[in-house]
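Working notes for the structure below.
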């Protein structure tokens, strides 16, 4: 069974929406800055221009980061991992043997540190899910384990364990 997982950031702001947002703010700042310049407070105009340029630069960086993708292809005996950006060539591509690959989820050294999800095979370790939250990395680790070893899953509780948990004696 061949499966492909595509991992990318939650890009809620598109290019068209970003352009509309910056255009709307430019118009607003032009009206406000024009009013204050008319009243004699002309130094506001260069600072408003600098603010708008900084905002446009931040949105450009954000939109560029939204193109980041990781593609994991689970094929018969191998896992192909491609990391790059949409619209560009693949930046990094690796292959791992499916049967020898381990999924390692490392928690950070501090309470607020981000977890890291690794696929390791032999001496090769590749970090995946860099743009995901810790909860999403947990779910991704479970899904990758299921795809690597289809028989792997969390053990279902026995009837005795369910009854003990219900009665509060477990």
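Quick note: the coordinates plus some simple rules give every number you see, no bench work behind them. Worth saying up front: this structure is predicted, and the values here are computed from it rather than measured. FYI the Cβ positions are ideal-geometry reconstructions off the backbone, even for glycines, and counts take in every protein chain you see.
If you stretched the chain out fully between residue 76 and residue 64, how much longer would it get, using 0.36 nm times the residue separation minus the C-alpha to C-alpha distance? Provide the component values of the computation, followed by the final result.
Details: separation 12, 0.36 × 12 = 4.32 nm, distance 3.39 nm.
Once the chain is fully extended between residue 76 and residue 64, it gains 0.9 nm.
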Share of Cα-Cα pairs in the stretch 67-148 beyond 18 Å, in percent?
43
If you rank 128, 19, 61, 71 by fewest surrounding Cβ atoms within 10 Å, what's the result?
61, 19, 71, 128
Heads up, the stretch 15-65 by the C-alpha gyration tensor (a ≥ b ≥ c square roots of eigenvalues; a/c under 1.5 rounded, else a/b over b/c prolate, else oblate) looks oblate
Any idea what angle helix 44-65 forms with the longest principal axis of the chain, computed on alpha-carbon atoms, 0 to 90 degrees, nearest 10?
20
Could you give the distance between the Cα centres of the stretch 6-72 and the stretch 90-140, to the whole Å?
34
Can you match mean projected area of the Cα convex hull in nm² to one of these, [x] 11.6; [y] 9.7; [z] 17.5, based on a calculation from the structure here?
[z]
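Taking the Cβ of each residue in 85, 51 as the centre, tally the other Cβ atoms inside 10 Å and list the residues starting with the fewest. Display every interim value, and only then the final one.
Values: 85 15, 51 12.
Fewest-to-most Cβ neighbours within 10 Å comes out as 51, 85.
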Out of 131, 26, 121, a Gaussian network model of the chain with alpha-carbon springs under 10 Å gives the largest mean-square fluctuation to 26
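Can you sort 140, 119 from fewest to most other Cβ atoms within 10 Å of each residue's own Cβ?
Going from least to most buried by this count: 140, 119.
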